[in-house]
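Heads up: the structure comes next, in structure tokens.
The values are calculated or read from the model by the stated rules, or taken from the named source; none is laboratory data. It should be emphasised that the depicted structure is a prediction, and the values quoted were computed from it without experimental measurement. When we count neighbours, we look across all protein chains shown, and the Cβ atoms used for this are built from the backbone with ideal geometry, even at glycine.
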Amino acid sequence: MTTTRLTHNKVALALHHLRDGGRGRALLLLHGLGEAAPPSVPAWVDAWPGAIAALDFTGHGDSTVPRGGGYTAELLLADADAALAALGEATVLGRGLGAYIALMLAGARAEQVHGAILCDGPGLAGGATLPTSQSFVTLP
């Protein structure tokens, strides 16, 4: 795994390249509230044919914490937009809060986002579990 540092709004974002190359479009993973990018390709997306990258949102994982906080949906959307700019175009998979951001990113950058996969997140009480490999259809 390699990590690219993206500077955005005085924050150093970590974009982790979990798998490079492959055939097909890149997949950008966006984590849920209080989570971080996975350290390797999760089993539930292993069948994805293209490259897989995962973003640590501002203040999460290996990304830096902004002075004075500021975790608005618009700021996290701008984080995801910076990651998309680095990748060029992608399909976006978001979990929980990441799903909300993926949906907004797909609307804002329709030419670059070729699909948004929305997954349940942990919820306020730690509810939902992670997707399984059976949750996704293998793409040609």
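Please go through (1) part of a loop (DSSP other than H, G, I, E, B); (2) within 16 Å of Thr2 (Cβ to Cβ) for Ala53 and return the number of the only condition it doesn't satisfy.
It is condition (1) that Ala53 fails.
Only one residue in Thr129, Thr72, Thr91 is among the polar types (S, T, N, Q) and at pLDDT 90 or above, so which one is that? Reasoning before the result, please.
Details: Thr129 fails: at pLDDT 90 or above; Thr72 fails: at pLDDT 90 or above.
When all the criteria are applied, what remains is Thr91.
Looking only at region 9-40, how many residues end up being surrounded by fewer than 17 Cβ atoms within 10 Å (Cβ to Cβ), farther than 16 Å from Gly94 by Cβ and either touching a residue at least 40 places away in the same chain (Cβ under 8 Å) or among the hydrophobic types (A, V, I, L, M, F, W, C) (or both)?
Total satisfying the criteria: 4.
For the condition modelled with pLDDT of 95 or more and over 18 Å from Gly121 (Cβ atoms), what is the one hit in Leu84, Leu105? Give the derivation first.
On the way: Leu105 fails: over 18 Å from Gly121 (Cβ atoms).
None of the other options fit; the residue is Leu84.
Just checking, which of Gly69, Gly50, Gly98, Gly22 is in contact with a Leu (Cβ under 9 Å, 6 or more places away or on another chain), farther than 16 Å from Leu118 by Cα and small (Gly, Ala, Ser)? Write out each step before concluding.
Details: Gly69 fails: in contact with a Leu (Cβ under 9 Å, 6 or more places away or on another chain); Gly98 fails: farther than 16 Å from Leu118 by Cα; Gly22 fails: in contact with a Leu (Cβ under 9 Å, 6 or more places away or on another chain).
After ruling out the rest, the residue left standing is Gly50.
Quick check, is Leu75 more than 12 Å from the chain's Cα centre (by Cα), among the aliphatic types (A, V, I, L, M) and crowded, with 17+ Cβ neighbours inside 10 Å? So that I can check it myself, show each step before the final result.
Working: more than 12 Å from the chain's Cα centre (by Cα): yes; among the aliphatic types (A, V, I, L, M): yes; crowded, with 17+ Cβ neighbours inside 10 Å: yes.
Against the criterion (more than 12 Å from the chain's Cα centre (by Cα), among the aliphatic types (A, V, I, L, M) and crowded, with 17+ Cβ neighbours inside 10 Å), Leu75 qualifies.
Out of curiosity, is Val92 in a loop (DSSP other than H, G, I, E, B) and β-branched (Val, Ile, Thr)? If you could, list the steps in order and put the result at the bottom.
On the way: in a loop (DSSP other than H, G, I, E, B): no; β-branched (Val, Ile, Thr): yes.
No, not satisfied.
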